Amino acid sequence: MPLPSSFWLDEMATVFVAQHGSSHHRSRRGPAGLALLVLPRHPYERRRLRYSEVTTRLPSIFAMAAFLVLLAALARRLIHPQAAWFAVFACLALPGLNYQAANARPYALGMCVFAAALLFLVKWLDFGKWRDGLLFAASAALVLYIHLLFWPSCLVFVLYAAARVARGETPVNPKRAVLVFALCAAALLPVMAQTLSLLREAHAHVFAPLRRSGSFLRSLELTLVLDARWPHG
């Protein structure tokens with residue numbers, strides 16, 4: 001998506017919240033993520049940048065670049081030291097990732113913080129340091145403050161930690177793991193309260209019929225995963 005192209009509908013909502021604040025009565029129709037943090041708010045900056053298409057999308061460019069750095073660190077740590085660059089260039093070949101890098105929505109920022117949380121989780125489970133555990137809890141909670149759409153991705157944190165603790169592949173014992181995840185859940189209480197307050201308006205955001213469970217399973221492309229895991233021949 002060219003940076004100077006016109007804003008699409010959801011990008012316009014992000015800019016509106018950044019200009020008028022989340023307390024505006026029209027902003028309460030639905031949260032627009034952390035637009036207030038990633039877009040210029042000072043009057044001087046507003047006059048200078050004027051919320052143009054290019055300057056409004058620049059934070060997503062920077063966030064996606066940081067995401068690639070974090071992804072390289074994860075690939076180096078979890079796969080192989082020489083897998084970092086392969087993972088980065090594989091991501092650059094994904095049209096969806098490139099699209100979000102030029103999107104004035106908080107998706108690129110959410111991916112960046114999610115990758116940071118996952119990296120802190122891996123380091124915490126590897127070495128058992130409290131600092132990494134607390135940084136993981138803070139960044140994992142921040143993911144949902146950026147956008148609630150990321151909640152299914154956060155299940156990765158629980159599954160990965162549970163698997164390593166159950167197998168005894170970490171110095172972190174179950175009590176410490178439960179404590180850190182409880183801290184993360186406590187940090188999410190304000191955003192959960194806001195979400196519950198928006199439920200009465202949920203019908204206003206429905207634009208397509210709900211999918212059946214079979215559609216969800218097909219979207220996972222499990223056959224491709226199995227073919228990659230167990231190649232024929």
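The values are calculated or read from the model by the stated rules, or taken from the named source; none is laboratory data. What you are looking at is a predicted structure, and each value in this text was computed from that prediction instead of being measured. Don't worry about glycine lacking a Cβ; one is built from the backbone with ideal geometry, like all the others, and counts go over all protein chains shown. The area values use the complete protein model at the heavy-atom level, side chains included, leaving out ligands, DNA and RNA. Shrake-Rupley method; radii C 1.70, N 1.55, O 1.52, S 1.80 Å.
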Residues (of a type in the set (S, T, N, Q), open to solvent by 50 Å² or more (accessible area, probe 1.4 Å) and part of a helix (DSSP H, G or I)) located in region 165-196: Gln194
Subset of region 92-129 (residues that are touching a Phe, Trp or Tyr at 6+ places or on another chain (Cβ under 8 Å) and at pLDDT below 90): Gln100, Ala104
Given (1) part of a helix (DSSP H, G or I); (2) modelled with pLDDT of 70 or more; (3) over 22 Å from Ile146 (Cα atoms), number of the condition Arg47 does not satisfy: (2)
Ala162 closer than 30 Å to Met12 by Cβ, in a helix (DSSP H, G or I) and in contact with a helix residue (DSSP H, G or I) (Cβ under 9 Å, 6 or more places away or on another chain): no
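Report yes if Pro152 is open to solvent by 30 Å² or more (accessible area, probe 1.4 Å), in contact (Cβ under 8 Å) with a residue 24 or more places away in the chain and not in a helix (DSSP H, G or I), otherwise no.
Values: open to solvent by 30 Å² or more (accessible area, probe 1.4 Å): yes; in contact (Cβ under 8 Å) with a residue 24 or more places away in the chain: no; not in a helix (DSSP H, G or I): yes.
In short, no.
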For Phe89: the one exception among (1) modelled with pLDDT under 90; (2) open to solvent by 50 Å² or more (accessible area, probe 1.4 Å); (3) among the hydrophobic types (A, V, I, L, M, F, W, C): (1)
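Residue check: is Leu210 modelled with pLDDT under 70 and not in a helix (DSSP H, G or I)? Don't jump to the end; show me each part of the working.
Details: modelled with pLDDT under 70: yes; not in a helix (DSSP H, G or I): yes.
Taking the combined requirement at face value, the residue satisfies it.
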Among residues of region 98-148, those that are buried (at least 18 other Cβ atoms within 10 Å of the Cβ) and in a helix (DSSP H, G or I), counted: 34
